[in-house]
Amino acid sequence: MIPAAFDYVAPSTVREALAVLRSSAGDARLLAGGQSLIPMMRMRLVNPGLVVDLSRVADLAYVREHDGGIAIGAMTTYRTIETSLLVRERFPLLTEVASQVADLQVRNRGTIGGALAHADPSADLPALMVAADARILTRGGGRGRSIPATRFFVDAFTTALRETEIITRIVVPAPPARTGGSYQKLANRASHFAIVGVAALVTLDAAGVCSRVRIGVTGAGPAASRAQAAESYLAGRAPTEAALEAAAARAGDGIDFTDDLHGSAAYREHLTQRLAFRALSAAVERAG
Amino acid sequence: MAHAVRLTVNGTTHAHEVEPRLLLVHFLRDVLGLTGTHVGCDTSQCGACTVLVDGAAVKSCTSFAVQADGADIRTIEGLATGEALHPIQQAFWEKHGLQCGFCTPGMVMTLVQVLERNPDPTEAEVRSGIAGNLCRCTGYENIVEAARHAAAAMRAARA
Amino acid sequence: MAGPTPFRGRPLRRFEDERLLRGEGSFVDDMRLPGMLHAAVLRSPHAHALVRSVDASRARAMPGVAAVLTGEDTAGVLPNIAAVRREGMGETPIPEHPVLAHERVCYVGQPVAIAVAEDRYAARDALDLIDVDYEPLEPVMDPRAAARPDAPVLHPGSSSNVVMRTAAGAGDVDAAFAAADHVVRASFEVPRLAAVPMECRATLAEYDAGSDSLTVWTSTQVPHRVKTYLASLLPKAPGHIRVIAPDVGGGFGRKIEVWPEEVAVAYLAQQLGRPVKWAEDRSENIVTGQGRGYTADVEAAVASDGRVLGMRFRMLADMGAYFLTSTGGPPGNAVQRVAGPYAIPAMDVECLGVVTNRVPTGPYRGAGGPEAAVLIERTMDMIAAEIGMDPVELRRRNFIPADAFPYTTATGLTYDSGDFARALDRVLELAGYAEVRKQQRTARAGGPLIGIGVATIVKASGGKANVRNGEARVEIDAAGHVVIYTDVSPHGQGIETSFAQIAADLIGVPPAQVSVRHGDTDMLATGGGTTSSRGLAVGGSAAYLALEQARERLARAAAGLLGCAPADVSLADGSATSGSSSVSFGDVTAAAHREDGALVFSASYTLPANPFAFAAHAAVVEVDRDTGDVALVRFAAVHDIGRVINPMIVRGQVHGGITQGIGQALSEAMVYDAAGQPLTGSLMTYGIPTAQTMPRFLLDQLESPSPTNPLGIKGIGELPTVAAPVAVANAVMDALRGTTTRHIDMPLLPEKVWRALGEMA
């Protein structure tokens, strides 16, 4: 499998990259880690006239402290995130999720910005991004935007990004004290993508009541989304098994379940509920 | 439009003009004649094409040669030191970690990174480390054995 | 008198490995010849369509393109690839595969045109410039529907989609059912699988006009077959064709073939006068390299004590749209192998071969065996459930007893030797059968469901008809270097090492002094290649016979040097010994050379009957109640494979064979939609096992030597793949015994298991 011919440019600044995008009249694709884009180009499912390689852009690969949380440069690889001590300390669930993505070689190369922009409906990371109240910072078209993850994933392989916009940074706020998190997925046996994946973050107050609940779901529908009905059911309640079950039963509310070779809509709905229960239970345990 | 790339492969610097779409694996195989790195799939699943790019295991079929401009690349051909096989190669031989041998170069190169970062991996850690390398002959058991055997030999050599 | 320790039975490190480990292997796509062109294949996107026109003019005009070959160019020039006639094909016309499609395409992936260009990138680009006008037709996809007498016929001019009928059986089956206390009925589907050798297909051809010689390097298991077919298709005198299988990166049966691409590439090299290379992509490999594809209805007549009195099998095999050379093979195996290891007195078995709009099937590791094993071994478990008997006990009651060999089954197979009960007992011990049964009784509510399943199967080695003929030549130089030429064409089986071990025991040569040469049609006149687990049983036996001649000659030479009778000479460990005197192996070969000028020993061997190996597998699984996910927690296997030459290599074959079987059980299947589009056409969607999902294997073996061949060998290559899938399936169904679901077809994907869980009794 061999991609069609294209022109290639490797700008050294975001400004330069944006200028190229603006002048390419929609015929350009940004190349980050390339772990999804290159296979699609090899299959000739995507045939851009111009590839804009972001790997030479200065200062897009980092993990930094940010307001007690973390800021991650768009070109940071899964592997860097997986092995970052700062991430492990501030947001261990991100370490856990990053380490479950694909395989070592793909994680060495694949980037957080590339993954979010690709918006594969079965990718792991988006579930956590929406659950963690992450914000996706972009440049292009004026002063740049800070897009909440919950509004970023629009549809399968479709995001809120404009054609002339580049993700520069992902900001993940630190969860409150006494927050536990868990990600539960059932992986496809061929692609290892999530048939369904559920990320849960639960914060307990001094009385042991769930003060804050965040649930992100991937794989179930066309785009990663928050399970708000389940969240609001559990918030303010003690995390008894019955409460967790009742919340999990609402985890699929509002999702337009995908029905395909890898799972029927009914199965995905069931998985969403069961994996939500497991993720919530484990999160509560860890919030301890 | 051709692009100039300059990169080091197994210690030798090469400068070439390449088409942007030239995959790194085809650069290694067809341009440099380093055919030890194999192509086993087209969707980044099988890992037969794995090489080290600046020390990190990378699927060279999911990478353009232009992206590797300036990089230091190591392929299976650059692993042994003259007559002496690398401990991972040696362990594959001793533990029967290969049958047809087609996946072997990629498998070995991935394990170079796995063992460099984790000198004493558990069986589960080895298995997860090579999750991106498919083998249809061995059932993986002897590969896992070989990896752990190599890890022990490498630890002993450092001690 | 205690002889020297034989090399047979030693885990000798492989002679094959070092260059492969250094990246110095030579697979077809690694080869480069001066002036070489690259080919790319345009394939049908339709399952069934008329080809109104193929316009390659834009592609031919593209810079760098040397030629584009279409069906119009090859029609009337290159004949169709003739199917090998097999038992069961009868008088029915067999649809033969055209080299390139002409006027009609009959499956997604069928070659329509080939572009040849200066590099592989240009060849691929040229495909986008070939304009094909298709008129889609209704495809024939469901084999059951296609087999009905009123079904629309796929091939115009044919009277039926049923093009092949094989049958086996003996005994009074009707009487068995009349006498039965229980009748158990079940229907099965064994889906198509992709073989997925890590090296896809690849062919390089070079033509030298001066000597009119064509050399073809191809990734094949059967170089002699490729040569024979090229000779008749091109056509060309066989003496001017040389086919070489260099390093081959796995085959698993789907390289036992003469592929249209091999023919086209050889033809183009000859036409263009330049070497032409084609290397397949994985996506092409998955949509073209398939086996299995069976549906079946099974009935068993059972006595109340568990004895199976009689069985009926009605099978349908999905042959695909055409017959390639090995497409017709597996059904004949399947109808006989359903007998399993059991003494079932009456059997009535039929398999109809049906054409559909899919790629032709062919042998895939086991070749009819795994299909048959699913039918008989799942049925045995269903019988056990029906009559309330432990499935292990049911098997024991029906086993052919150890003192009954040779034993001829009702399906006409004669088993040479075995001790099935002993192997089964051992595998139960390894798997902790009693312990798992106890665990099941005390399992906590809500925890994972535990299941244990066994499978006991018999597998022939050596193949049928001329596959059982082997050829070998041994050449020994004055310095004592031994070269064994074999017709076996290996790709990972370690033949270079095990043949050296056989030589070491027979003539005393140090194994490192033995070279084993293979995979080149110029070496030997004929050759069966590597198929049907024939490597050691047939090829090894042929080498053995040639080596015996060498031993006789060397013993005579040594006797001359030692001043004794040839019968008193012992050849071992690099020397010839008589009493207390000895001379080196090199001295002996030098002496024989002085007398004869050359030491060449040729042998042909025909395996008189198939050896039958036996496998008992036991799988322990945990089923996740929430998701239906199956985790394999333990896998034990015992194989009785006769004498073992290299136990390390045997274990490797077992690991790999079991793993492929587990893939069949848990994740692999070629899925097509109603329009005939493959939905699992890449490794993103077709899931083969990874290191992460495989357990460690608990193994043991028995050695009941086979009386059929001088080495006492029974083949190991396919045996584990026959038993493993159904052992896993039986374990999962055991875990689901509390549900009303009696059977789930493989692969046992989580959703299917979850649906069964929803039907708790």
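The values are calculated or read from the model by the stated rules, or taken from the named source; none is laboratory data. Just so we're clear, the structure is a prediction, and the values are computed from it rather than from any experiment. Quick reminder, even Gly has a Cβ in these numbers, built from the backbone with ideal geometry, and neighbours come from all protein chains shown. Heads up: the accessible areas ignore ligands, DNA and RNA and are worked out on the full protein's heavy atoms, side chains in. Shrake-Rupley method; radii C 1.70, N 1.55, O 1.52, S 1.80 Å.
General observations
- For region C:521-558, the set of residues classified as open to solvent by less than 20 Å² (accessible area, probe 1.4 Å) and either farther than 21 Å from C:Gly253 by Cβ or not assigned by TED's automatic domain parsing to the domain that holds C:Val600 (or both) consists of C:Leu524, C:Ser541, C:Ala542, C:Ala543, C:Ala546, C:Leu547, C:Ala550, C:Arg553, C:Leu554, C:Ala555, C:Ala557, C:Ala558, listed by residue number.
- C:Cys106 passes every criterion in (1) open to solvent by 10 Å² or more (accessible area, probe 1.4 Å); (2) closer than 23 Å to C:Asn357 by Cα apart from (1).
- Residues (in a loop (DSSP other than H, G, I, E, B) and open to solvent by less than 30 Å² (accessible area, probe 1.4 Å)) located in region A:256-288: A:Ser264
- Of all residues making up region C:707-730, the number that are surrounded by fewer than 24 Cβ atoms within 10 Å (Cβ to Cβ) and of a type in the set (A, V, I, L, M): 1
- Residues of region C:193-210 classified as open to solvent by 10 Å² or more (accessible area, probe 1.4 Å) and either free of Cβ contacts under 8 Å to residues at least 12 places away in the same chain or in a strand (DSSP E or B) (or both), total: 4
- Top-ranked residue in region C:212-254 [being assigned to a helix (DSSP H, G or I), of a type in the set (Gly, Ala, Ser) and out of contact with any strand residue (DSSP E or B) (no Cβ under 8 Å at 6 or more places or on another chain); ranked as surrounded by the fewest Cβ atoms within 10 Å (Cβ to Cβ)]: C:Gly239
- Count - residues of region B:1-13 that are closer than 24 Å to B:Ala80 by Cβ and touching a helix residue (DSSP H, G or I) at 6+ places or on another chain (Cβ under 8 Å): 4
- Some residue of region A:94-101 being under 25 Å from A:Pro173 (Cβ atoms), in contact (Cβ under 8 Å) with a residue 40 or more places away in the chain and of a type in the set (Asp, Glu): yes
- When C:Asp629 is tested against (1) open to solvent by 30 Å² or more (accessible area, probe 1.4 Å); (2) within 12 Å of chain B (Cβ to nearest Cβ), only condition (2) is not met.
- Only one entry in C:Ala123, C:Ala117, C:Ala167 is open to solvent by less than 60 Å² (accessible area, probe 1.4 Å), away from chain B (no Cβ under 14 Å) and not charged (D, E, K, R), namely C:Ala167.
- Breaking point among (1) more than 14 Å from chain B (Cβ to nearest Cβ); (2) over 30 Å from B:Leu34 (Cβ atoms); (3) surrounded by fewer than 19 Cβ atoms within 10 Å (Cβ to Cβ), for C:Val68: (3)
- Test: residue in region C:283-305 that is out of contact with any strand residue (DSSP E or B) (no Cβ under 8 Å at 6 or more places or on another chain), in a loop (DSSP other than H, G, I, E, B) and within 30 Å of C:Pro747 (Cβ to Cβ): no
- Filtered residue count, region C:672-706, keeping only those that are open to solvent by 20 Å² or more (accessible area, probe 1.4 Å), within 26 Å of C:Leu137 (Cβ to Cβ) and either in contact with a Lys or Arg (Cβ under 9 Å, 6 or more places away or on another chain) or assigned by TED's automatic domain parsing to the domain that holds C:Gly369 (or both): 2
- Residues located in region A:137-151, provided they are open to solvent by 50 Å² or more (accessible area, probe 1.4 Å), within 18 Å of A:Ser225 (Cα to Cα) and touching a helix residue (DSSP H, G or I) at 6+ places or on another chain (Cβ under 9 Å): A:Thr150
- Criterion violated by B:Asp42 - all others in (1) within 30 Å of C:Thr721 (Cα to Cα); (2) assigned to a loop (DSSP other than H, G, I, E, B); (3) modelled with pLDDT of 95 or more satisfied: (3)
- Selection status of A:Leu94, away from chain B (no Cβ under 14 Å) and surrounded by 24 or more Cβ atoms within 10 Å (Cβ to Cβ): yes
- So A:Ala238, is it more than 17 Å from the chain's Cα centre (by Cα), more than 14 Å from chain C (Cβ to nearest Cβ) and not in a helix (DSSP H, G or I): yes
- Within region C:12-23, residues that are farther than 10 Å from C:Ser498 by Cα have Cβ atoms under 7 Å from residues that are at pLDDT below 95 in no pair, counting only partners at least 6 apart in sequence or on another chain.
- Residues of region C:649-666 include at least one that is more than 7 Å from every other protein chain (Cβ to nearest Cβ), basic (Lys, Arg) and open to solvent by 10 Å² or more (accessible area, probe 1.4 Å).
- Residues satisfying the stated conditions in region C:125-164, i.e. within 30 Å of C:Arg58 (Cβ to Cβ) and β-branched (Val, Ile, Thr): C:Ile130, C:Val132
- Test: residue in region B:106-116 that is more than 7 Å from every other protein chain (Cβ to nearest Cβ) and in a loop (DSSP other than H, G, I, E, B): no
- Count of residues meeting criterion [in contact with a Phe, Trp or Tyr (Cβ under 8 Å, 6 or more places away or on another chain) and surrounded by fewer than 18 Cβ atoms within 10 Å (Cβ to Cβ)] in region C:420-468: 1
- Sole exception among (1) within 19 Å of the chain's Cα centre (by Cα); (2) among the hydroxyl-bearing types (Ser, Thr, Tyr); (3) open to solvent by 20 Å² or more (accessible area, probe 1.4 Å) for A:Thr111, by number: (3)
- Close pairs from region C:663-680: first under 11 Å from C:Pro747 (Cβ atoms) and at pLDDT 95 or above, partner assigned to a strand (DSSP E or B) and of a type in the set (S, T, N, Q), Cβ under 8 Å, at least 6 apart: C:Met670/C:Gln290
- Qualifying positions in region B:4-53 - surrounded by fewer than 23 Cβ atoms within 10 Å (Cβ to Cβ), facing another protein chain (nearest Cβ under 7 Å) and farther than 23 Å from A:Met43 by Cβ: B:Thr35
- Restricting region B:1-32 to residues that are touching a residue at least 12 places away in the same chain (Cβ under 8 Å) and basic (Lys, Arg), the residue that is farthest from A:Ile38 (Cα to Cα) is B:Arg6.
- The residues in region B:33-61 that are under 25 Å from B:Met1 (Cα atoms), in contact with a Gly (Cβ under 8 Å, 6 or more places away or on another chain) and without any contact (Cβ under 8 Å) to a residue 24 or more places away in the chain can be counted, and the count is 0.
- When C:Ala465 is tested against (1) within 28 Å of C:Pro341 (Cβ to Cβ); (2) in contact with a helix residue (DSSP H, G or I) (Cβ under 7 Å, 6 or more places away or on another chain), exactly one condition is not met: (2).
- Verdict on A:Ala265 being over 17 Å from the mean Cα position of the chain (by Cα), within 14 Å of chain C (Cβ to nearest Cβ) and not basic (Lys, Arg): yes
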